[in-house]
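Heads up: the structure comes next, in structure tokens.
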Amino acid sequence: MYMKKSMQIITLQVLIFLLIFSVFMSCTLGSVKIPLSHSIAILLNEIGIQTGQSFTQVEQVIILQLRLPRILMAVIVGAMLSMAGVISQIVFRNPIADPYVIGISSAAGFGAALVIVFELFFFRQFTIPLFSFIFAIGAVFLIYMIARSKSSIHIYSLLLSGIALSYIFSALISFILFLSEDKSHMILSILLGKLWGITWVEVKIAGLLLIPFTTILIFYGLDMNLLLMGDSSAQTMGVNVKRSKSIVLLCMTMFTATAVAFCGSIGFIGLIVPHITRLIFGSDNRKIIPISGIVGAILLIWADVLARILISPQEIPVGVFTSLMGGPFFIYLVIKKKRSNK
């Protein structure tokens, strides 16, 4: 059961306000606390609006060069993982499916580990994202080719192949960690998920990928609604099932691979958010996809805030917090599914 349309509109407005509020508030929180009025003045000053509020040069540098890029990356990655979660649950027809279910995270993590261990820093800070992205895309392409047949994509084969490949890459990562104890901390920080050290160039690249692929997913929202009825029914109603599944799987892969490439493995966002969004806004994926993006952005912003402030001045990998949130939620979904099958 979900809310009436009028309440949905009000809830959407509240979510948009919460997203903007979260961005401003997270600018103030960290090892160095900056007053909210100063943060607002700095951000407005950057777009040419003078408020008359004074602030220091140090505060300006902290917000514009350190905090704002990681906050905007949290918005982008949170949105990407949430929308990828919507797709994975539809395509695999499983409420406990996650964007990392087909081995993307493990493959990307292995690519990052190789760069660190062998010091393959050809393109400075972009080498790790580049290798992570290449391995992630390569893994999905391999799995896709295994599961593909002349007439359709076998989802069961896709899922099993992904799980198998995930175990293989996880084992390889463990072997690398065993052999490279001196670099294990850097490797683990990526595998556990992190948002520190994000640059404006990385934010721009991720943002440019977010916009077109989100548009494609919204465009295929109706097809995904029909796919929930089953492949045969969707085909009867005019959906090119093979093409639609291929395109939305590509979008899911791009979102997840981009997130892992820049921020490491941040799990469970894609599991939690689609369920929350469907509970409020129903099952129309043309609405669920963009709204899940907003909810995921808010959730990851505050997970990152906790990662920054709990043991300040040190930081905890943000993936730890998302796992702490997602673990109990996953157990709840398993129990709920078990009861519904009785």
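One table, with the values for the structure above:
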| read-out | value |
| --- | --- |
| Search result, residues across segment 295-311 that are of a type outside the set (Lys, Arg), farther than 24 Å from residue 11 by Cα and either open to solvent by 10 Å² or more (accessible area, probe 1.4 Å) or touching a Lys or Arg at 6+ places or on another chain (Cβ under 8 Å) (or both) | 306, 309, 310, 311 |
| Among (1) touching a strand residue (DSSP E or B) at 6+ places or on another chain (Cβ under 7 Å); (2) crowded, with 21+ Cβ neighbours inside 10 Å; (3) of a type outside the set (Asp, Glu) - the single one residue 217 does not satisfy | (1) |
| From the options 266, 247, residue that is outside any helix (DSSP H, G or I), under 20 Å from the mean Cα position of the chain (by Cα) and either surrounded by fewer than 24 Cβ atoms within 10 Å (Cβ to Cβ) or of a type in the set (A, V, I, L, M) (or both) | 266 |
| Number of the exception - residue 229 against (1) modelled with pLDDT under 90; (2) assigned to a helix (DSSP H, G or I); (3) more than 21 Å from residue 297 (Cα to Cα) | (2) |
| Residue that is farthest from residue 313 (Cα to Cα), among those in segment 3-25 that are among the β-branched types (Val, Ile, Thr) and open to solvent by 60 Å² or more (accessible area, probe 1.4 Å) | 9 |
| Those residues of segment 312-327 which are under 10 Å from residue 272 (Cα atoms) and either among the aliphatic types (A, V, I, L, M) or open to solvent by 50 Å² or more (accessible area, probe 1.4 Å) (or both), in sequence order | 325 |
| Subset of segment 278-311 (residues that are of a type in the set (S, T, N, Q) and either free of Cβ contacts under 8 Å to residues at least 60 places away in the same chain or in contact with a Leu (Cβ under 9 Å, 6 or more places away or on another chain) (or both)) | 283, 285 |
| Answer residue from segment 311-331, given it is in a helix (DSSP H, G or I) and either at pLDDT 80 or above or more than 21 Å from the chain's Cα centre (by Cα) (or both) and is nearest to residue 70 (Cα to Cα) among those | 318 |
| Residue match in segment 146-154 (condition: at pLDDT 85 or above, open to solvent by less than 60 Å² (accessible area, probe 1.4 Å), out of contact with any Pro (no Cβ under 8 Å at 6 or more places or on another chain) and part of a helix (DSSP H, G or I)) | no |
| Number of positions in segment 93-107 that are open to solvent by less than 10 Å² (accessible area, probe 1.4 Å) and at pLDDT 85 or above | 1 |
| Segment 26-62, residues that are in contact (Cβ under 8 Å) with a residue 40 or more places away in the chain and either surrounded by fewer than 17 Cβ atoms within 10 Å (Cβ to Cβ) or not in a helix (DSSP H, G or I) (or both) | 29, 30, 31 |
| Scope segment 174-211; condition closer than 30 Å to residue 285 by Cβ and open to solvent by 60 Å² or more (accessible area, probe 1.4 Å); matching residues | 204, 205, 208, 211 |
| Number of the exception - residue 225 against (1) touching a helix residue (DSSP H, G or I) at 6+ places or on another chain (Cβ under 9 Å); (2) of a type in the set (S, T, N, Q); (3) free of Cβ contacts under 8 Å to residues at least 24 places away in the same chain | (3) |
| Some residue of segment 282-294 being crowded, with 21+ Cβ neighbours inside 10 Å, of a type outside the set (Ser, Thr, Tyr) and either modelled with pLDDT under 90 or at positive phi (or both) | no |
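The values are calculated or read from the model by the stated rules, or taken from the named source; none is laboratory data. Everything numeric in this text was worked out from a predicted model, so none of it was measured. Cβ atoms come from the backbone with ideal geometry, glycine included; neighbour counts cover every protein chain shown. Surface accessibility is based on the protein's heavy atoms, side chains included, excluding ligands, DNA and RNA. Shrake-Rupley method; radii C 1.70, N 1.55, O 1.52, S 1.80 Å.
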